[in-house]
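Below you'll find the structure, written out as structure tokens, and then a few comments.
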Amino acid sequence: MPPSPPQWPISFGSALLRATLYVLFIAGIAQGGYLEAIYLPGVRYSELGFTELTQTVVLACCCALLIYTRQVLQVWPTVTLLLLAFVAASLVREQDYFLDHYVARHTWKILVALIVLPSLTWVIIHRRRFLEEFSHYSNTFAFGLFAAGVLVTYIFSRLYGRQELWRAVLQENYVRDFKNVAEEAVELLGYSLILFAMIELLLLARRISKARQDAL
């Protein structure tokens, strides 16, 4: 049984440092999108542009952090498995262009199914353990950031990037690039929030692991 949340304190200095780094990261990706638009007109907001490639890097980092949390720190294994399946499926989905063109059409759908279905099956089998772990995870800052990232990426960006919306706004001046810029930029913001959530989860898992060792 993990220790109760009050035993997982975050110092003010640590919180301030992390907040500063997160602000700098968000500013960095915004500046990257700005430079992409100005200096990379040939690939801007395409699969080879800064924004799309950064999405891939961010999701890959999320996967690595989750694997470390689950396999090395061994904290909340069923929760982290479900999170890993979700993030890994998102990573594969972001490679749909390359998989469709260089492997076969709909390859990404098969890979996502191979990731998600076994993971969901495992979580369902161990649902009692999952619910116990989730009762702790759901009361953390990491979960709040993750929920925010999911809402931004999978709800807001999809609705905000609707072609009908941008046709109504731009009317006869409509160009698909405007829609792509809006949708992909918001999507990257959402993925960044998920990355912050995984960092927070890792740091929390380290504190839990240390508390376990101290209790022995």
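The values are calculated or read from the model by the stated rules, or taken from the named source; none is laboratory data. Note that the structure is predicted; figures quoted are calculated from it, not measured. All Cβ positions, glycine included, derive from the backbone under ideal geometry; neighbour counts span all protein chains shown. Areas reflect the complete protein model, heavy atoms only, side chains present, ligands, DNA and RNA absent. Shrake-Rupley method; radii C 1.70, N 1.55, O 1.52, S 1.80 Å.
Gap in Å between the Cα centre of region 31-52 and the Cα centre of region 61-135?
Here the answer is 29 Å between Cα centres.
Within the chain, which complete DSSP H helices have Cα atoms spanning at least 15 Å along the helix axis and a mean Kyte-Doolittle hydropathy of -1.0 or higher?
Qualifying helices, which must be both long enough and hydrophobic enough, are 12-39, 50-67, 77-94, 107-125, 176-215.
Report the extension gain between Tyr97 and Tyr68 in nm, rounded to one decimal, defined as 0.36 nm multiplied by the number of residues separating them, less their alpha carbon distance.
Stretched fully, the Tyr97-Tyr68 segment lengthens by 7.6 nm.
Give me the number: length gained by fully extending Phe141 to His126, i.e. 0.36 nm times residue separation minus the C-alpha to C-alpha distance, one decimal in nm.
That works out to 2.9 nm of additional length.
Give me the 1.4 Å probe accessible area per residue for the chain, excluding ligands and nucleic acids, in Å².
The answer is 57 Å² per residue.
What relative contact order, as a whole-number percentage, does region 14-211 give when Cα pairs under 8 Å and 6 or more residues apart are counted?
26 percent
Set Lys and Arg Cβ to +1 and Asp and Glu Cβ to -1, take the dipole of region 14-211 about its Cα centre, and tell me which of Leu83, Leu195, Thr51 lies farthest positive.
It is Leu83, whose Cα lies furthest towards the positive end.
Need one word for region 1-148: rounded, prolate or oblate. Basis is the Cα gyration tensor (sqrt eigenvalues a ≥ b ≥ c); a/c below 1.5 gives rounded, then a/b vs b/c decides.
The shape class here is oblate.
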